[in-house]
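Okay, so here's the structure we're looking at.
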Amino acid sequence: MKYKFCLLIISLVALQQFSAAQEKLRVVLAGLSHDHVNPVLGKNQSGLINIVGIVEPDKALCEKKKHEYQLADAVFYKDLKSVLQKEHPDLVMVYNSPSEHLGVAEKCLPLHIPVMFEKPLAFSYADALKMKALSEKYNTKIFTNYPSVWYSSFIELLKRANEAGTIGKMVMRGGHRGPVEVGCSKEFSGWLTDSVKNGGGALIDFGCYGAAVMTALMDGKAPLSVYAETKHVKPKIYPRADDVATIVIEYPGATGITEASWDWPYTIMDVELYGKEGYLHASQFNTPQLQSKKDGEIKPVEISTPQYKDEVEYLTAVLKDGAPDDNKLLSLERNLVVVRILDAARKSAKEGRKIGIQKKGD
């Protein structure tokens with residue numbers, strides 16, 4: 001009897017382990033050239049997700065990642081359609097240039113396979129609208145991931161934004177010394193610094209963060225207008241794209257200013273929020289990471305532990321465990337507005353004028 005009981009316990013444990021393994025997110029990677037793919041490859045190596053296919057046209061890059069992350073030859077496919085039909089994954093995670101994003105959506109969504117794009121959602125607003133139409137036609141989700149979505153200080157700032165009262169201004173500073181200077185891979189820098197593939201330089205790379213934060217603060221509404229200026233501070237290093245951009249996003253009674261640059265003397269990602277009743281300052285790097293000012297006194301703010309650590313935890317919970325898909329920062333609706341802002345910013349910088357988006361009261 002005791003022997004049978006032990007066998008039962010062993011069987012139950014094995015079944016539990018098997019079930020847990022089955023609940024891992026089954027992922028296909030479309031592209032490897034975006035350096036943000038590396039943490040996801042690391043999670044696969046650690047057994048936290050299951051990468052069932054990779055499609056990347058650069059064979060040398062495939063070999064490099066295969067050796068770095070102990071990937072099997074069988075996981076690499078020549079084309080996206082083949083792996084989707086064979087594996088039908090839970091999710092396709094996209095790590096290539098924005099100019100290629102629409103093409104991925106056109107292959108995945110008709111097969112009812114959700115897609116996550118590493119920021120931004122799309123190369124242009126026209127592309128984003130086509131993706132929206134596909135998402136609606138096939139009733140299939142599109143997500144957009146930004147690393148800043150998971151910064152605990154940013155999460156806390158957005159949660160506490162009402163403490164500042166009616167918002168008058170948001171200032172976001174984002175960037176570093178430059179993709180080349182900070183050591184981005186040549187595969188990543190190759191399209192990141194090419195406006196034809198990325199849509200812009202620093203304006204897109206870091207401008208998208210400020211557009212996303214301001215859109216969140218304005219509860220997903222489109223702005224009245226966008227004005228942007230770009231500069232070429234280091235044309236010898238970045239001949240094909242802007243390396244400094246300032247974007248001004250106007251709402252009724254509120255202004256969002258994004259200072260995006262590949263010419264900061266240090267890496268910076270922070271947000272300042274000014275309201276009628278107070279001030280909040282969130283930083284990825286500085287200590288304290290969140291400060292508030294009310295009644296004339298600046299104080300550090302305690303940051304609570306976020307529910308999800310990153311996009312993999314969140315999307316596993318949503319797609320495998322049936323958790324609510326309630327993080328609007330990843331949503332298609334919000335990111336349509338972000339891409340619309342970036343489109344307007346690009347046009348504004350080119351034409352040297354303010355670009356109207358919504359009429360007052362819309």
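The values are calculated or read from the model by the stated rules, or taken from the named source; none is laboratory data. The shown structure was predicted, so the numbers you read here are calculated from the model rather than taken from an experiment. Positions of Cβ are backbone-derived with ideal geometry, glycine not excepted, and every protein chain shown enters the neighbour counts. Surface areas here come from the heavy atoms of the whole protein model, side chains and all, with no ligands, DNA or RNA. Shrake-Rupley method; radii C 1.70, N 1.55, O 1.52, S 1.80 Å.
Over the chain, average the accessible area per residue using a 1.4 Å probe and give it in Å², no decimals. Write out the running numbers ahead of the final one.
Details: 17310 Å² over 362 residues.
Per-residue value: 48 Å².
Which percent, to the nearest 5, of DSSP beta bridges fully inside the chain are antiparallel?
The answer is about 60 percent antiparallel.
What are the GluC sites (Glu not before Pro) within the stretch 212-282 that DSSP puts in a loop, where the Cβ has at most 16 other Cβ atoms within 10 Å? Write out the running numbers ahead of the final one.
On the way: sites: Glu229, Glu250, Glu259, Glu272, Glu277; in loops: Glu277.
Sparse-neighbourhood loop GluC sites (Glu not before Pro): Glu277.
Which whole number in µm²/s is D for the stretch 57-130 by Stokes-Einstein, with the Kirkwood Rh taken over Cα pairs at 37 °C and 0.692 mPa s?
242 µm²/s
Need the C-alpha centroid separation for the stretch 278-341 versus the stretch 73-142, integer Å.
What the calculation gives is 25 Å, centre to centre.
Based on Cβ point charges of +1 for Lys and Arg and -1 for Asp and Glu, what charge dipole magnitude is obtained for the chain about its Cα centre, in debye rounded to the nearest 20?
It works out to roughly 400 debye.
Rounded to the nearest 20 debye, what is the charge dipole size of the stretch 177-288 about its Cα centre when +1 sits on each Lys and Arg Cβ and -1 on each Asp and Glu Cβ?
Values: 9 positive and 14 negative charges, 59 e Å.
Charge dipole of the stretch 177-288: 280 debye, to the nearest 20.
Fully extended, how many nm does the chain gain between Asp310 and Glu68 (0.36 nm per residue separation, minus their Cα-Cα distance)?
So the chain would gain 84.9 nm between Asp310 and Glu68.
Given 4 °C and 1.567 mPa s, how large is the Stokes-Einstein diffusion coefficient of the stretch 111-153 in µm²/s, with Rh as the Kirkwood radius over Cα pairs? Could the numbers behind the result be given before it?
Values: Rh = 11.4 Å.
It comes out at roughly 114 µm²/s.
How long are the three semi-axes of the equivalent ellipsoid for the stretch 117-235, computed from the Cα gyration tensor as the root of 5 times each eigenvalue, in whole Å, largest first?
25, 22, 15
Report, to the nearest whole %, how much of the accessible area of the chain belongs to carbon and sulfur atoms, 1.4 Å probe, protein only.
C and S atoms contribute 53 percent here.
Output the peptides 171-178, 341-348, 68-75 sorted from most to least packed, where packing is the average of other Cβ atoms within 10 Å over each peptide's residues.
341-348, 171-178, 68-75
For Leu111 and Lys320, what is the calculated FRET efficiency with R₀ set at 25 Å and r taken between the beta-carbons, to the nearest 0.05?
On the way: r = 18 Å, r/R0 = 0.73.
Efficiency, from the Cβ-Cβ distance: 0.85.
Hey, could you get me the Stokes-Einstein D for the stretch 278-334, Kirkwood radius over alpha-carbon pairs, 20 °C and 1.002 mPa s, rounded to whole µm² s⁻¹?
155 µm²/s
Within the stretch 277-346, list the chymotrypsin sites (Phe, Trp or Tyr not before Pro) lying in a DSSP loop whose Cβ has at most 13 other Cβ atoms in a 10 Å radius.
On the way: sites: Tyr279, Phe285, Tyr308, Tyr314; in loops: Phe285, Tyr308.
Those that pass, being in a loop and sparsely packed, are Phe285.
Could you work out, for the chain, what percent of all Cα-Cα pairs fall into each 10 Å distance bin, beginning at 0 Å and stopping at the bin that holds the largest distance?
Binned Cα distances yield the sequence 5, 23, 31, 25, 11, 4, 2, 0, 0.
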